[in-house]
Every structure is written in structure tokens, then in C-alpha cells.
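The values are calculated or read from the model by the stated rules, or taken from the named source; none is laboratory data. All values derive from a computational prediction rather than experimental measurement. Virtual Cβ from ideal backbone geometry, glycine too; neighbours counted across all protein chains shown. With ligands, DNA and RNA removed, areas are computed over all heavy atoms of the protein, side chains included. Shrake-Rupley method; radii C 1.70, N 1.55, O 1.52, S 1.80 Å.
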Protein chains: 2
Amino acid sequence: MQLSLTEENYLKAIFFISGTESNLVNTNAVAERLDTKAATVTDMLRKLKSKDLIHYEPYKGSRLTLTGKQQAVGILRKHRLWETFLVEKLGFGWEEVHDIAEQLEHVRSRKLTERLAQYLGNPQFDPHGDPIPDAEGVFPQRANLTLDKAELGERLYVKGVKDSSPDFLNYVAKLGIQLGDSLKVLQVEPFDSSILIKHDEREFRLSAQAACNIYVSQT
Amino acid sequence: MQLSLTEENYLKAIFFISGTESNLVNTNAVAERLDTKAATVTDMLRKLKSKDLIHYEPYKGSRLTLTGKQQAVGILRKHRLWETFLVEKLGFGWEEVHDIAEQLEHVRSRKLTERLAQYLGNPQFDPHGDPIPDAEGVFPQRANLTLDKAELGERLYVKGVKDSSPDFLNYVAKLGIQLGDSLKVLQVEPFDSSILIKHDEREFRLSAQAACNIYVSQT
DNA sequence: AATAAATTTTAGGCAAATCTAAAAATGATT
DNA sequence: AATCATTTTTAGATTTGCCTAAAATTTATT
Ligand SMILES: [Mn+2]
Ligand SMILES: [Mn+2]
Ligand SMILES: [Mn+2]
Ligand SMILES: [Mn+2]
């Protein structure tokens, strides 16, 4: 079945909100994420239900069906592959690629997606460290430890960012932090929970808000 | 001004039909090219005129304005760059890329287009030998000699194909002819105007219909 | 010039996706 | 339990792009 661009975006939105365990999603949450009105969402929910892409009972909320989830994951795969392409091959900054990928993710060609993946070396993570599902829809495991919860003095590797807004991405880049970089937490300030970081030979301070948006792992 | 995908396709269609000299275009011709109905085209013509993208008088025909032409050429540039990418970087066959490029051509990002062009080495011609306009909309000159009109015995280089249908592209590929290949016309059969070709060490016969769809030049 | 054929436009409708305003259902608070 | 607030749905419109059938215009043919 051939989905419209709009339907695809709704499925992706529901997938993001409900998380991997497919919780029930509120109509308002979808409206907010897609920057539209609840009434509009209700219309689309009825339509998606009629196409068996979501489970939906009026006033109860919505949840992706297996098919709906497969569609959503497929689009997410394309989105993250294109972001990787834009950064790795065309030299875009990681803060510039999301909006372009938002368009490219809707291009329909199984063969294109798989050729692109192959061309990129079947990457497991996109430029923001987000996991790229494989052709069967399976996500690689990614670091779930954030910098604010890390042990003092431990060697850590930067694996990704939780917040992908251009503001945060620009800030992290300005600090000179890149994916794969190694760093240590030297101390946590009791007053405001800001942390002191050692990165290369430099030391600098990071707010708790920034720290909790950076994924790290020991390997 | 932000054009819809549909509007872009109409502009491109009018550009193709009217040729470089911007002749008046019949409503029916547009309908046929876009596989739609004349009544639908009329609606769109009024809309495009109101946006100053075409000149249009009822019953007289339509013609792109300067802005309209710039838009059309910009989309064509993207189309041909993406086709080049698909063949050169992703290893697609030249008969497979048109439909995918038809989607990719509508992705909106000046920066993406120019980065892509640069990544491909600012190609002048696409995989079918069609000229790729530069960022200012200027087309490179391409061979306009077709194989059916070539001199006997002259060394010729294959520069492109006039017909880009998958059937013809597959046929040419099956014959082992690629862009840039060198060949000679050994004789023309008076009966059906078919021609005898020498290509590498092989000789084979080509129908007049095939020959007139292959562009060649002496250089 | 009159008629026939073709092209093109107009009229009227339909489906998708959106909106605002009003009604209905649910949940929270006295 | 009754009331108030929030969430969600319904009702009624709008815009875009498309359709069919009928009318108007242009072009070709007697
Ligand atoms: Mn993104
Ligand atoms: Mn999208
Ligand atoms: Mn093409
Ligand atoms: Mn197109």
C-alpha cells in the first residue's frame, strides 16, 4: 500500500511519541509534534485506522499496528541514512541535515535505500549517534548512559546526543566535542550539578542540562 | 515563492514541450505529457499565470515567463544531477534512474544541489548524455548530430541518446554501446536505411529508428 | 461561407488535508 | 456526587489537484 507523505509523517510522529514499547499516544501529543490542530489529527487517526496502520478508539488514544510500525521504522531508516550521507559524503554540518533528510526520507525506492546504505558502509548510527535500523527494521543497541550520570574519573567515549536541535548541536560543536571523542568527568559541582570535563588537554565546565543530553559509553 | 510539486512538474512539462525558444504550448500537449486531462491543465494554467510563471491567454496557448523558465531549469538541473549520482556513485543502470530522479528533483535545498554538483565534479552531462544546466541556468552545448546522418567511415564518439525510454536504453546497453564509445558507420542499406556499425572489433546492424536516437560527434 | 472536427474552457463535483468553533467525553477538584 | 477544566471529537469550511460532461472557440473541410 502506497502511503502519502502526510500519512508517513503521522506514523513517524506516533512512533517517536510512543517509544519502542508502543504505548498509547494522545491526540494532542501528535498535534503538537506535527505542529497541527487536534481536530486535524483525529481525522487522520480515523484514516490510519481504516488502513490498519494504527489501533485507535475514540477518546482512548492510538498505537501503531505491526504494519504501521514497520512503515515508520522504514522511513526512519531512510532519514538517518540520508543524514549520514549528507554529513559523510557532502560535508554538511550535523546541525544542517535534519530538514533536508525530512524531505529525502519520503523518496520511494527500496533499491535506492539499500544501495545508499551499502555505499555508506551500512552505518549503524547517524551523525547524531542515533541508531539506524537495518533493512529488517532491527535497531542496533546504543549507549544509554548520559554524561550527567557517569562515574568520576572514568574514561568515556562520546556516542551521541539526546537533543538534536540546531542550538544544542552548534553548542556541542563549538565546544570541540565530536562523536567518538574521549573524555573524563573530573568533578560535579554540588551547587548546580554542573560538571568539569577533561577533553584532550583542555578542561571546561558543562551545565547539567547540557550533560544530560550527551550519550557516552566506556568503550 | 514556494512552488508545489505539481506546479514544478507543470513548469518542467511546458519547458520540455516548448523547447529552448519558448514556443507557445498547446494545452493538450501538456495534458498528454503529464498523463492528465485538458480540463485539469486549464485550471493549472490559470494558476501559473496568476503567479507570473507563464504567459497564457485562453485558447491561445501558454509560454514560460523568465521566472517560470528559471524554475523549470533549476528542477531539470537537480533531476540530471541526481541521475548522475545514482549511476556514478550508487551503480544504478541508466535505464533505472529516471523515476527515482523524478522524486529527488523536488527536494528543496540550494545548498544540497550545489554540494551534490561539486561532489560529482560538476558534470556537464547526465548518464543519457543530456546537458546539465549550471547553477545560473546555462546549458552546455551538446552534440546534435545523430547516427543516421553521420558520414560513412568517419570516427565517431557516442555522446547521448535522444530517446530515454527504458526499452531503448536497455537495447543500447545490450548492444554493448556506452557513452564515450568510438564507432564508425560502414554502410547504409538503401532498402530500409538501416546502418552497419563497426564498434571495437565487432560489426552489427542498427535500424534507422535506433540510429536517429543516438547522438554522436567527431570529438 | 457554412458545416464538421478538433481543441480548449467552463461548470459542477470529489478526495485529501487542513482550519475554527462548538459539542461531547473524560479527568480532576471541591 | 456535582462542578469545573482539559482533552478529544464533530460539524462545517477552505484549498489544491483532479475528474466528467457540456459549452465555447478555433481550425479544417466541404
Ligand atoms: Mn533528523
Ligand atoms: Mn518527513
Ligand atoms: Mn530523466
Ligand atoms: Mn517530478
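Give the residues of the stretch B:136-182 that are among the small types (Gly, Ala, Ser) and within 24 Å of B:VAL73 (Cα to Cα), sorted by residue number.
Applying the first criterion (among the small types (Gly, Ala, Ser)) to the stretch B:136-182 yields B:137, B:143, B:150, B:153, B:160, B:164-165, B:173, B:176, B:180, B:182.
Once the filter is applied, which keeps residues that are among the small types (Gly, Ala, Ser) and within 24 Å of B:VAL73 (Cα to Cα), the stretch B:136-182 yields B:GLY137, B:ALA143, B:GLY160, B:SER164, B:SER165.
When residues in the stretch A:1-50 are screened for being away from DNA strand D (no atom under 15 Å from the Cβ), more than 16 Å from the chain's Cα centre (by Cα) and of a type in the set (A, V, I, L, M, F, W, C), 2 of them pass.
Of the strands (runs of 3 or more DSSP E) entirely within the stretch B:148-219, those holding at least 1 residues that are acidic (Asp, Glu) occupy B:202-206. The residue pairs whose first member lies in the stretch B:87-103 and is more than 10 Å from every other protein chain (Cβ to nearest Cβ) and charged (D, E, K, R), whose second member is within 11 Å of ligand 3 (Cβ to nearest atom) and part of a loop (DSSP other than H, G, I, E, B), and whose beta carbons are closer than 9 Å, counting only pairs six or more residues apart or on different chains, are B:GLU88/B:PRO127; B:GLU95/B:SER164; B:GLU95/B:SER165.
Take the residues in the stretch A:49-86 that are of a type in the set (D, E, K, R) and either more than 16 Å from A:PRO131 (Cβ to Cβ) or within 16 Å of ligand 3 (Cβ to nearest atom) (or both); name whichever of them is nearest to the other protein chains (Cβ to nearest Cβ). Talk me through it step by step, then tell me what you get.
Taking the stretch A:49-86 and keeping what is of a type in the set (D, E, K, R), we get A:49, A:51-52, A:57, A:60, A:63, A:69, A:77-78, A:80, A:83.
From what's left, either more than 16 Å from A:PRO131 (Cβ to Cβ) or within 16 Å of ligand 3 (Cβ to nearest atom) (or both): A:49, A:51-52, A:57, A:60, A:63.
On the way: A:LYS49: 27, A:LYS51: 22, A:ASP52: 26, A:GLU57: 35, A:LYS60: 36, A:ARG63: 30 Å.
Per the stated criteria, the residue is A:LYS51.
Residues of the stretch A:6-48 that are within 16 Å of ligand 1 (Cβ to nearest atom) and either within 14 Å of chain B (Cβ to nearest Cβ) or open to solvent by less than 40 Å² (accessible area, probe 1.4 Å) (or both): A:GLU8, A:ASN9, A:LEU11, A:LYS12, A:ALA13, A:PHE15. Just one of (1) among the basic types (Lys, Arg); (2) in contact (Cβ under 8 Å) with a residue 24 or more places away in the chain; (3) part of a helix (DSSP H, G or I) fails for A:ARG46. It is (2). Looking at the stretch A:168-198 only, could you name the residues that are open to solvent by less than 40 Å² (accessible area, probe 1.4 Å), of a type outside the set (Gly, Ala, Ser) and over 12 Å from A:GLY153 (Cα atoms)? If the condition is that a residue be open to solvent by less than 40 Å² (accessible area, probe 1.4 Å), of a type outside the set (Gly, Ala, Ser) and over 12 Å from A:GLY153 (Cα atoms), then A:PHE168, A:LEU169, A:VAL172, A:LEU175, A:ILE177, A:ASP181 are the ones that fit.
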